[in-house]
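A.B. asks: Structure provided below as structure tokens; questions to follow.
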Amino acid sequence: MATFILIAGGWQGGRDVPRKTYVGAHGWEGSPFRELFGRLSADPEWSTIALDCGHNVARLKPDALAEILLAQL
């Protein structure tokens, strides 16, 4: 989790990334990433997407994940 917070919280190496997207898997109780999702949603450099599923997005919402990834091209 520290890696996500470090990168989203201001790691300088991310400045050259042209498009930053964070996918929040909000379908499970007690997610420690909701606060991070809220902060990134307020940051104009980030695009955020919320999915109603557990943490394993690739297994639980493969079509939604494919659509999100293809939209990044």
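A.B. asks: Working carefully through the options G24, G54, find the one that is assigned to a loop (DSSP other than H, G, I, E, B) and either of a type in the set (D, E, K, R) or touching a residue at least 24 places away in the same chain (Cβ under 8 Å) (or both). Spell out how you get there, then give the answer.
C.D. replies: Details: G24 fails: assigned to a loop (DSSP other than H, G, I, E, B).
Exactly one residue qualifies, and that residue is G54.
A.B. asks: Filter segment 46-73 down to the residues that are at pLDDT below 90 and under 18 Å from V17 (Cβ atoms), then identify the one that is surrounded by the fewest Cβ atoms within 10 Å (Cβ to Cβ).
C.D. replies: Keep residues of segment 46-73 that are at pLDDT below 90, which gives 55, 72-73.
Next, only the ones that are under 18 Å from V17 (Cβ atoms) stay: 72-73.
On the way: Q72: 9, L73: 5.
Out of the qualifying residues, it is L73.
The values are calculated or read from the model by the stated rules, or taken from the named source; none is laboratory data. Because the structure is a prediction, the values reported are computed rather than measured. All Cβ positions, even for glycine, are placed from backbone atoms using ideal geometry, and neighbour counts span all protein chains on display.
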